[in-house]
1. Residues in the stretch 144-167: is at least one at pLDDT below 65, among the basic types (K, R), closer than 30 Å to A36 by Cα and loosely packed, with under 13 Cβ neighbours inside 10 Å?
2. Could you list, in sequence order, the residues of the stretch 98-110 that are out of contact with any Leu (no Cβ under 7 Å at 6 or more places or on another chain) and free of Cβ contacts under 8 Å to residues at least 40 places away in the same chain?
3. Which of (1) part of a helix (DSSP H, G or I); (2) surrounded by 12 or more Cβ atoms within 10 Å (Cβ to Cβ) does E3 not meet, given it meets every other one?
4. Condition first: in contact with a strand residue (DSSP E or B) (Cβ under 7 Å, 6 or more places away or on another chain), not in a strand (DSSP E or B) and not hydrophobic (A, V, I, L, M, F, W, C). Now tell me which residues in the stretch 84-110 satisfy that.
5. Which pairs do you get when a residue that is within 19 Å of A50 (Cβ to Cβ), found in the stretch 79-97, comes within reach of a residue that is surrounded by fewer than 20 Cβ atoms within 10 Å (Cβ to Cβ) and among the small types (G, A, S), reach meaning Cβ atoms under 8 angstrom, with the pair 6+ apart or on two chains?
6. Return yes or no: is A117 without any contact (Cβ under 8 Å) to a residue 40 or more places away in the chain and surrounded by fewer than 17 Cβ atoms within 10 Å (Cβ to Cβ)?
7. Sort out which residues of the stretch 88-114 are over 30 Å from R44 (Cβ atoms) and loosely packed, with under 13 Cβ neighbours inside 10 Å, and write them in order of number.
Amino acid sequence: MAEEQTAYWDEMRELLRGRGLPDGHTEAVLAELAGAAHGDPAGRFGPAGALADMLTPAPAADEHAEIWRWSADTYADAALLDRFGAEGWELERVDSLGRFVCRRDPEHPRRWEYRRAVTGTGGRPAGVGWQPCGTWTVYTWFKREKPVPEPVRGGDGAQPAPSPPRRRRLFPRRRRA
């Protein structure tokens, strides 16, 4: 069993390095995953190739677009989505690990607003233009583009440049006893 686990992590290491992740980042990701595996990593995370695909960004169709994956609990997701949507981050999907996968064009950011509904209840946000953009466990998220605000008289109408968050993890890690 230990040999199978070692082989899994060795395969993941090679896959992540082959996709261009730096060695330090690769080792940090593997250490975090190994801590969460609790036994057979293939049983917990699935095939190494599929996990590597989820952990590495797909090539962006637009070379200027930024991709960002982040996570939050259900108490903070709505406020964070509102904040990041105002900064130009568009939610594309929620991946199988429950992370929000967002994209932003830094040269021409668009503003977004989001709503969450319980999946299967037929709940959709009221109003025109809402489209589903992610589902995970019991929730479905919807998005729509916010209208551009009218410029203030005498102002140039420029919006402040959005900045990516400093922290990758938006909720604290649980400590093990």
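1. Looking only at the stretch 144-167, we keep the residues that are at pLDDT below 65, and these are 150-167.
Imposing the further condition that a residue be among the basic types (K, R) reduces the set to 153, 166-167.
Narrowing further to those that are closer than 30 Å to A36 by Cα: 166-167.
Filter once more, so that each one left must be loosely packed, with under 13 Cβ neighbours inside 10 Å: 166-167.
Yes, the conditions are met somewhere in the stretch 144-167.
2. First pass over the stretch 98-110, keeping only residues out of contact with any Leu (no Cβ under 7 Å at 6 or more places or on another chain): 98-99, 101, 103-110.
Answer for the stretch 98-110, where residues must be out of contact with any Leu (no Cβ under 7 Å at 6 or more places or on another chain) and free of Cβ contacts under 8 Å to residues at least 40 places away in the same chain: G98, R99, V101, H108, R110.
3. So E3 meets the others, but not (2).
4. Our first condition is that a residue be in contact with a strand residue (DSSP E or B) (Cβ under 7 Å, 6 or more places away or on another chain); within the stretch 84-110, this holds for 84-85, 88-95, 98-104, 106, 110.
Then keep just the ones that are not in a strand (DSSP E or B); that gives 84-85, 88-89, 95, 98-99, 106, 110.
Across the stretch 84-110, the qualifying residues are G85, G88, D95, G98, R99, P106, R110.
5. L97/S71
6. Numbers: without any contact (Cβ under 8 Å) to a residue 40 or more places away in the chain: yes; surrounded by fewer than 17 Cβ atoms within 10 Å (Cβ to Cβ): no.
Answer is no for this residue.
7. Answer for the stretch 88-114, where residues must be over 30 Å from R44 (Cβ atoms) and loosely packed, with under 13 Cβ neighbours inside 10 Å: E107, H108.
Per-residue answers, yes or no, for (1) among the basic types (K, R); (2) open to solvent by less than 70 Å² (accessible area, probe 1.4 Å); (3) closer than 22 Å to E113 by Cα:
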{"site": "D10", "(1), (2), (3)": "no, no, no"}
{"site": "L16", "(1), (2), (3)": "no, yes, no"}
{"site": "P22", "(1), (2), (3)": "no, no, no"}
{"site": "T56", "(1), (2), (3)": "no, yes, no"}
{"site": "W70", "(1), (2), (3)": "no, yes, yes"}
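The values are calculated or read from the model by the stated rules, or taken from the named source; none is laboratory data. Just so it is clear, the structure is predicted and the values come from calculations on it, not from any experiment. Using ideal geometry, Cβ is built from the backbone for each residue, glycine included, and neighbour counts are taken over all protein chains shown. These area figures cover heavy atoms from the full protein model, side chains too; ligands, DNA and RNA do not enter into them. Shrake-Rupley method; radii C 1.70, N 1.55, O 1.52, S 1.80 Å.
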